[in-house]
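Asker: Questions regarding the structure given below will be posed in turn.
The values are calculated or read from the model by the stated rules, or taken from the named source; none is laboratory data. Note that the structure is a prediction, hence the values are computed from the model and not measured. Cβ placement follows ideal geometry from the backbone for every residue including glycine, while neighbour counts extend to all protein chains displayed. With ligands, DNA and RNA removed, areas are computed over all heavy atoms of the protein, side chains included. Shrake-Rupley method; radii C 1.70, N 1.55, O 1.52, S 1.80 Å.
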Amino acid sequence: MGDIIDEATAILRCKECPWYKNCVTPLLVSPEDIAQFRLMLQQGNLPEQAKNEMEGILENIASMSQNMILQSCPVFAQRLKESSELAQRIKEIMQNWGREE
């Protein structure tokens, strides 16, 4: 009986979630985020050269993260953690993406 209640709760959480039907999205680093990093660097007591190097590093990380890191909704993440079969099916779909059967 607990399984039925848990599943019903997950369905309700999913439909009420702001991520509804958009379970995974690329991580977005906005210009405001980068501006905030710059402001933090300016407030630090680092030499100018170190600040410039750190700024370059942060911009590179922000650029790379948008291609490598995903945000996921909490319900989707929990389902993946609880079901190795689901995770394996998604992995197989991604590995076979674009291949003709």
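Asker: For a Förster distance of 25 Å, can you work out the FRET efficiency between the beta-carbons of Lys51 and Gln71, rounded to the nearest 0.05?
Answerer: Details: r = 29 Å, r/R0 = 1.16.
My answer for the efficiency is 0.30.
Asker: For the chain, which longest stretch is free of loop sites, where a loop site is one of the chymotrypsin sites (Phe, Trp or Tyr not before Pro) that DSSP puts outside H, G, I, E and B and that has at most 13 other Cβ atoms within 10 Å?
Answerer: On the way: sites that count: Tyr20, Trp97.
Value returned for the longest uninterrupted segment is 21-96.
Asker: Under the Karplus relation 6.51 cos²θ - 1.76 cosθ + 1.60, θ = phi - 60°, what is the ordered set of whole-Hz ³J(HN,Hα) values for region 93-98, x standing for Gly and Pro?
Answerer: Listing the rounded values in order: 4, 5, 5, 9, 4, x Hz.
Asker: Which order do you get for Lys21, Lys91 if you rank them by accessible area with a 1.4 Å probe, largest at the top?
Answerer: On the way: Lys21 150, Lys91 105 Å².
Ranking Lys21, Lys91 by accessible area, largest first, yields Lys21, Lys91.
Asker: Hey, if we sort Val24, Val75, Val29 by accessible area with the 1.4 Å probe, largest down, what's the order?
Answerer: On the way: Val24 60, Val75 5, Val29 35 Å².
Descending order: Val24, Val29, Val75.
Asker: Still on this structure, I have one more. Given H placed 1.01 Å from N in the peptide plane, which residues other than close sequence neighbours of Gln71 have an amide H under 5 Å from its amide H?
Answerer: The list, which skips near neighbours in sequence, is Thr25, Leu27.
Asker: Each residue of region 2-12 in order: what ³J(HN,Hα) in whole Hz does its phi give by Karplus 6.51 cos²θ - 1.76 cosθ + 1.60, θ = phi - 60°, with x for Gly and Pro?
Answerer: The phi angles translate into x, 5, 5, 5, 4, 5, 5, 4, 5, 5, 5 Hz.
Asker: Per the 1.4 Å probe, what fraction of the accessible area of the chain, in percent, lies on carbon and sulfur atoms? Before the final figure, lay out each step's value.
Answerer: Working: 4820 of 8600 Å².
C and S fraction of accessible area: 56 percent.
Asker: P(r) for the chain: what percent of alpha-carbon pairs falls in each 10 Å bin, starting at zero?
Answerer: 12, 27, 24, 20, 13, 3, 0
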